[in-house]
1. Could you list, ordered by first residue, the pairs with Cβ atoms under 8 Å in which the first is in region 50-61 and farther than 20 Å from Ser336 by Cα and near the ligand (Cβ under 10 Å from one of its atoms) and the second is in a helix (DSSP H, G or I) and of a type in the set (Phe, Trp, Tyr), at least 6 apart or interchain?
2. Give me the residue from region 161-174 that is closer than 23 Å to Glu86 by Cβ and either among the charged types (D, E, K, R) or assigned to a loop (DSSP other than H, G, I, E, B) (or both) and, out of that set, nearest to the ligand (Cβ to nearest atom).
3. Of all residues in region 283-302, which are in a helix (DSSP H, G or I), touching a residue at least 24 places away in the same chain (Cβ under 8 Å) and crowded, with 17+ Cβ neighbours inside 10 Å?
4. Looking at Arg265, is it assigned to a helix (DSSP H, G or I), charged (D, E, K, R) and touching a residue at least 12 places away in the same chain (Cβ under 8 Å)?
5. Being in a helix (DSSP H, G or I) and over 15 Å from Pro98 (Cβ atoms) narrows it down to one residue among Ala179, Ala149, Ala142; which is it?
6. What number of residues within region 6-42 are more than 15 Å from Pro59 (Cβ to Cβ), assigned to a helix (DSSP H, G or I) and within 9 Å of the ligand (Cβ to nearest atom)?
7. Considering only residues of region 65-97 that are more than 9 Å from the ligand (Cβ to nearest atom), farther than 18 Å from Pro145 by Cβ and in a loop (DSSP other than H, G, I, E, B), which is nearest to the chain's Cα centre (by Cα)?
Amino acid sequence: MSDASVLQELRGVRSATPSVWFMRQAGRSLPEYRALREGTTMLDSCVRPDLAAEITVQPVRRHRVDAGIFFSDIVVPARQAGLGVEIQPGVGPVFDHPVRTVADIDALPVLGDDYEAALEPIREAVRLTVAELGTTPLIGFAGAPFTVASYMVEGGPSRDHLRTRALMRSEPEAWARLAAWVAELSGRFLRAQVLAGASAVQLFDSWVGALSTEQYLTHVQPHSAAALARVADLPVPRIHFGVGAAHLLPQMHAAGATAMGVDHRLRLDRALEMLPTGTPVQGNIDPAVLFTSEQARFAEARAVLRAGAGASGHVVNLGHGVPPSTDPQVLTDLVSFLHDVDDVAGAEQDVRPA
Ligand code: 1CP
């Protein structure tokens, strides 16, 4: 079993030095990403193993983060299952045929051998990435049933996920079939990444904060649990993350996560009070500080370290993804600042001079 510091922290074993990676560390903030992607659509680049591997490694090389996050997207599994979907630049995932009626849900493809075969470029990309990363662990990921189903039902990005939440209420059985389909889709995508060499997984439920606790428990948690159960027999930490989901933190953990990602709206020490004792946490520097002074950034980083100091394990991350307009040097400097902190609990003063 690897002794990489990120994996130790995710298992609740503290390292002397903070570990850090960033959600959306690969991608548009990096000029080398923009150069490599030129002439290839986002989703085509995800199924080109050489491209996906290189894009995954780029931010590790540049920023010296402690983990890679596999370059892909939460809608890649749907595309590999045969659905028409693309990532429109400046918009996000857009489905050719939104899935809105019982008939649409009944017509979803069966996830059989064809789907397993279509995951081969993903497995190959993971193998190439892991070989390239060496001792740095690779985190695999997938989208959780609510967030992926929301893109399918709405047809694209949505502010309030109204159609999805209405479907849940008006056609609960049809919704349950859709969510179960996505759980299998995403769960098998996670499993493929782990079997090909990923050392941890993160299940993103970015938009789940739109739901009440009651709606979550009835209509979503069982399906997120089914997705996570697909890797529960494998020896890898399972991180679960939602945005604006402070009210769902214990319920999301109970879906079968072993560590919780926390967004920047909830302080880590408060999150710890809501979670079972000993739960490792990940987060949660406000991405807004990437656009402030270095002094403000490092003060926020120290505050996050202090708030996480009481956890059994803490992996530093942003509270949500790296914004595309981020100056990459700001991220590199933040990583070296964190790696130079030599007393996490006393993070206020104990920073070595540059
Ligand atoms: O043209 C481009 O470069 C497209 C931008 C882009 C990138 C780089 C998209 C479109 N997806 C990705 C990669 C991606 N997506 C990664 C791997 C890279 C990394 O983290 O370093 C990951 C983990 C995701 C996951 C993802 N996709 C989520 C969950 C995480 C989150 O940020 O909340 C979500 C919600 C998506 C949907 C999506 N894909 C792309 C966009 C712009 C969006 C969001 C659209 C919206 O606002 O609804």
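Bear in mind that the values in this text are calculations on the coordinates, not laboratory data. Remember, predicted model here, so these are calculated numbers, not experimental data. Cβ placement follows ideal geometry from the backbone for every residue including glycine, while neighbour counts extend to all protein chains displayed.
1. Hits for this filter: Ile55/Tyr33.
2. His161
3. Pro287, Leu290, Arg297, Phe298, Ala301, Arg302
4. Considered against the rule, which asks whether it is assigned to a helix (DSSP H, G or I), charged (D, E, K, R) and touching a residue at least 12 places away in the same chain (Cβ under 8 Å), Arg265 comes out as no.
5. Ala179
6. 1
7. Ala67
Each row is one residue, and each column tells you yes or no for (1) under 18 Å from Glu184 (Cα atoms); (2) assigned to a helix (DSSP H, G or I).
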residue	(1), (2)
Gln202	yes, no
Gln215	no, yes
Ala226	yes, yes
His240	yes, no
